[in-house]
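A short write-up of the structure that comes next.
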Amino acid sequence: AAGMVAAGGDLALAVGCDLPFLNPRVMELLFDLVEGHDAAVPIREGGLIEPLHAVYRAGPMARACREALAVGERRIRAPLAGLSVRRVPVELFRPLDPELWSLYNLNTEEDLSEARRIEEVRCGGGGPGIPRRRPGRRSQPLQESR
């Protein structure tokens, strides 16, 4: 709620602090896909949503968070019930992030060890990381999933 209130623009990117491989191209796609909605939230096979890897319209999300907190609801998923949410299948990220490493999160020491291994693979032992897109180039809009 506080982050949405503090957001300086109409749109706000919300990410967890435990996501070491955020992909700028995936984030750009989410910004493109929020058009016409209050949120663009990745959804995994099986229905698991990723609300801390999402783009929100700051005003509506701030209001929804305040309303949820007012009734004692503290889960990040609760405010989504009152918003127009574009559920984005994570498979749409694969052209930009084939291994979906941007969704990898750290919760344990084992996860940290695995993240270090992944970083070596991604960077080829010190090479470049994620390739950057040319400025001004935007992804093509995709049809909404149902």
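The values are calculated or read from the model by the stated rules, or taken from the named source; none is laboratory data. In this text, all values refer to a predicted model and were calculated from it rather than measured experimentally. Reconstructed Cβ throughout: ideal geometry from the backbone, glycine too, with neighbour counts over all protein chains shown. For the accessible areas, the whole protein counts, side chains as well, though only heavy atoms, and no ligand, DNA or RNA atoms are used. Shrake-Rupley method; radii C 1.70, N 1.55, O 1.52, S 1.80 Å.
Could you tell me which numbered condition Arg146 fails, if it satisfies all but one of (1) open to solvent by 100 Å² or more (accessible area, probe 1.4 Å); (2) closer than 24 Å to Gly47 by Cα; (3) at pLDDT 90 or above?
(3)
Return a yes/no flag: does the range 74-96 have any residue that is on the phi > 0 side of the Ramachandran plot and free of Cβ contacts under 8 Å to residues at least 40 places away in the same chain.
No, because not a single residue in the range 74-96 is on the phi > 0 side of the Ramachandran plot and free of Cβ contacts under 8 Å to residues at least 40 places away in the same chain.
What do you reckon, is Asn23 closer than 30 Å to Cys123 by Cβ, surrounded by fewer than 18 Cβ atoms within 10 Å (Cβ to Cβ) and in contact with a helix residue (DSSP H, G or I) (Cβ under 8 Å, 6 or more places away or on another chain)?
no
Within the group Ala6, Ala1, Ala14, which residue is of a type outside the set (Ser, Thr, Tyr), touching a Leu at 6+ places or on another chain (Cβ under 9 Å) and open to solvent by 30 Å² or more (accessible area, probe 1.4 Å)?
Only one candidate qualifies: Ala1.
How many residues are in contact (Cβ under 8 Å) with a residue 40 or more places away in the chain and outside any loop (DSSP other than H, G, I, E, B) if we restrict to the range 1-26?
9
Filter the range 27-56 for residues that are closer than 15 Å to Pro79 by Cβ and not in a loop (DSSP other than H, G, I, E, B) and give the result.
Correct list: Ala39, Ala40, Val41, Ile49, Ala54, Val55, Tyr56.
May I ask you to list the residues in the range 52-78 that are touching a strand residue (DSSP E or B) at 6+ places or on another chain (Cβ under 6 Å) and open to solvent by less than 40 Å² (accessible area, probe 1.4 Å)?
His53, Ala54, Val55, Tyr56, Ala58 - these are the residues of the range 52-78 that are touching a strand residue (DSSP E or B) at 6+ places or on another chain (Cβ under 6 Å) and open to solvent by less than 40 Å² (accessible area, probe 1.4 Å).
Of all the residues that make up the range 79-129, how many are aromatic (Phe, Trp, Tyr) and either in a helix (DSSP H, G or I) or in contact with a Leu (Cβ under 6 Å, 6 or more places away or on another chain) (or both)?
Number of matching residues: 2.
Looking at the range 108-122, I want the residues that are more than 12 Å from Pro20 (Cα to Cα) and have a partner that is at pLDDT 90 or above and polar (S, T, N, Q) with Cβ atoms under 7 Å, at least 6 apart or on another chain. Which pairs are those?
none
Only one of these is at positive phi and small (Gly, Ala, Ser): Gly46, Gly3. Name it.
Answer to the selection: Gly46.
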